[in-house]
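Undergrad: Before we start, here is the structure in question, set down as structure tokens.
No lab work stands behind these numbers, since they all come straight from the coordinates. This one's a predicted model, so the numbers in the text were calculated from it and none came from an experiment. Please note: Cβ atoms are built from the backbone with ideal geometry, for glycine as well, and neighbour counts cover all protein chains shown.
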Amino acid sequence: MEYSEKVMDHFMNPRNMGTIENASGVGRVGNAKCGDIMQVYLKIEDEKIVDAKFKTFGCGAAIATSSMATELVKGKTIQEALQVTNKAVMEALDGLPPVKVHCSLLAEEALNAALWDYAKKNNIVINGLKEPVKDIEEHCHI
Ligand code: FES
């Protein structure tokens, strides 16, 4: 399996790994295909994502995509962050091997779930945001 240099770099030196205390939104999702878990934390101020962190119980491709996804959303508005799809993240990483594409979905879904959490907490509607499809059970801690 061939990984791009960027994937290797983000896997070996992941950006934004960790948690954010009192995060504005937290999203936690599980990957139906492999059972891996991802959690994304966002700090949002004035509709802008000022910080993003992630924690994952997942493979190298999941780590690399979350690292890149959190880098891409930092400093963006919520609407701009919605454009950070798994496709955009994969492009930024110069691609992923086809069998690993499902791993990149974890980052997109966790990001989406974190925005959903933020919207729910603040009683707002974010245009274009879809209700998270997969939510894993409460007893699953990472
Ligand atoms: Fe599970 Fe990659 S194999 S996220």
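Undergrad: Which order results if His10, His102 are arranged by neighbouring Cβ count within 10 Å, fewest first?
TA: Details: His10 25, His102 17.
Fewest-to-most Cβ neighbours within 10 Å comes out as His102, His10.
Undergrad: How much length is gained on full extension from Ala88 to Glu131, taking 0.36 nm per residue of separation minus their Cα-Cα distance? It would help to have the intermediate numbers written out before the result.
TA: Details: separation 43, 0.36 × 43 = 15.48 nm, distance 2.02 nm.
Length difference between fully extended and current span is 13.5 nm.
Undergrad: Now for a separate question. So for the chain, averaging the separation of alpha carbon pairs under 8 Å that are six or more residues apart and normalising by length, what relative contact order in percent results?
TA: Numbers: 263 pairs, mean separation 42.1, N = 142.
In percent, rounded to a whole number, it is 30.
Undergrad: OK, next. Would you list the P(r) distribution for the range 1-76, with all Cα-Cα distances sorted into 5 Å bins from 0 and each bin expressed as a whole %?
TA: 3, 17, 25, 22, 18, 9, 3, 1, 0
Undergrad: Wrap a convex hull around the Cα atoms of the range 1-133, take a quarter of its surface area, and give that in square nanometres.
TA: Working: hull surface 29.0 nm².
About 7.3 nm², averaged over all directions.
Undergrad: If I model the range 60-113 as equal point scatterers sitting on the Cα atoms and use the Debye formula, what is log10 I(q)/I(0) at q = 0.27 Å⁻¹?
TA: -1.04
Undergrad: In what sequence, highest mean first, do 105-118, 35-48 appear when ranked by Cβ atoms within 10 angstrom?
TA: 105-118, 35-48
Undergrad: Can you list the DSSP H helices in the chain whose Cα atoms extend at least 18 Å along the helix axis and whose mean Kyte-Doolittle hydropathy is 0.5 or higher?
TA: Values: long enough: 60-73 (20 Å, 1.05); 101-122 (33 Å, -0.03).
Flagged H segments are 60-73.
Undergrad: For Ser24, Ser4, what ranking results if the residue with the fewest other Cβ atoms within 10 Å of its Cβ goes first?
TA: Working: Ser24 19, Ser4 15.
Ranking Ser24, Ser4 by Cβ neighbours within 10 Å, fewest first, gives Ser4, Ser24.
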